[in-house]
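J.: Could you have a look at this structure, given as structure tokens, before my questions?
The values are calculated or read from the model by the stated rules, or taken from the named source; none is laboratory data. Since we're looking at a predicted model, the values are computed, not measured. Please note: Cβ atoms are built from the backbone with ideal geometry, for glycine as well, and neighbour counts cover all protein chains shown.
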Amino acid sequence: MSFWSRYVVPPLINCACGAKPIRYQRRKIVPRAQGVVLELGFGSGLNLPYYDAGKVTKVYALEPEEGMLVRARKKAKDAPVPVEVLPEKAEEVSLGAASVDTVLVTYSLCTIPDPHAALEGARRVLRPGGTLLFCEHGLAPDEKVATTQAKMERWWTPLAGGCRLTRDVQAMVTSAGFAIDDVETMYLPSTPKPLGFNTWGAAHVV
Ligand SMILES: C[S@@+](CC[C@H](N)C(=O)[O-])C[C@H]1O[C@@H](n2cnc3c(N)ncnc32)[C@H](O)[C@@H]1O
């Protein structure tokens, strides 16, 4: 792993993902989690304060990157809910079939190298009636913004830990075998449009 990925990307992502508009987004989606939760791409644990401790019995914090895991383990100690860190890739989740009630993924489908495999893993581990909660940035619907996203990606992706700007969030979710129950979209305030087209909602296994 490069110096950049190990030492520069984790604090940068922690800082960018802690911005006020993103904190607002977390508040909209994370409190909907319930029961046993699997979080894909846990990062530095920025969702932890938003879990409803009255509804969540355990969080499996899946995260493969060592630089993030150091932060994740520290945050897990003071979490309002029990947290077990899973140091692995979402594409290879080791949990048993039908073992969790909620899968939560925030700002990680942009970075996970194979999001389709990750979402198929989510489908496998969800119990019947379980919920996928997502809150992601991705491909904008406006042609001008989408063109800028495609141009930016060449330099943005290597700088930002593998983050892609041109992934269509709803298409990823549905093509992995989920039906969307509710979804909202908007450009985040105070955020450059190519980075800030957000999609959030809930889905269930078809
Ligand atoms: C932009 S960060 C978002 C972190 C966190 N979900 C949040 O909302 O703050 C993307 C995360 O995806 C993680 N990631 C990268 N490859 C992954 C993979 N194959 N499986 C799961 N997570 C991965 C990165 O290490 C990083 O922590």
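J.: Any idea which of K77, K89 is within 13 Å of the ligand (Cβ to nearest atom) and basic (K, R)?
T.: Result of the check over K77, K89: K89.
J.: Show the residue pairs meeting these rules: Cβ distance below 6 Å; 6+ apart or different chains; first residue within the range 152-179 and at positive phi; second residue exposed (fewer than 15 other Cβ atoms within 10 Å of the Cβ).
T.: Qualifying pairs under 6 Å: G177/V206.
J.: Could you list, in sequence order, the residues of the range 169-189 that are among the hydroxyl-bearing types (S, T, Y) and not in a helix (DSSP H, G or I)? Spell out how you get there, then give the answer.
T.: Of the range 169-189, the ones among the hydroxyl-bearing types (S, T, Y) are 174-175, 185, 187.
Listed by number, the residues that qualify are T185, Y187.
J.: Within the range 160-168, is even one residue assigned to a helix (DSSP H, G or I), within 13 Å of the ligand (Cβ to nearest atom) and surrounded by 15 or more Cβ atoms within 10 Å (Cβ to Cβ)?
T.: No, the range 160-168 has no match at all.
J.: Okay, moving on. Go through the range 24-48 and count every residue that is more than 23 Å from M186 (Cβ to Cβ), surrounded by fewer than 22 Cβ atoms within 10 Å (Cβ to Cβ) and more than 11 Å from the ligand (Cβ to nearest atom).
T.: 3
J.: Select, from E65, E84, E153, the only residue that is modelled with pLDDT under 95 and touching a Lys or Arg at 6+ places or on another chain (Cβ under 9 Å).
T.: That would be E65, the only listed residue that is modelled with pLDDT under 95 and touching a Lys or Arg at 6+ places or on another chain (Cβ under 9 Å).
J.: Would a scan of the range 106-122 turn up a residue that is surrounded by 20 or more Cβ atoms within 10 Å (Cβ to Cβ), hydrophobic (A, V, I, L, M, F, W, C) and away from the ligand (no atom under 14 Å from the Cβ)?
T.: No: zero hits.
J.: Next up: Would you confirm, using the coordinates I've provided, whether R71 is modelled with pLDDT under 95, within 11 Å of the ligand (Cβ to nearest atom), part of a helix (DSSP H, G or I) and basic (K, R)?
T.: yes
J.: OK, next. Kindly provide the set of residues from the range 49-68 that are aliphatic (A, V, I, L, M) and either surrounded by fewer than 20 Cβ atoms within 10 Å (Cβ to Cβ) or more than 10 Å from the ligand (Cβ to nearest atom) (or both), ordered by number.
T.: A53, V56, V59
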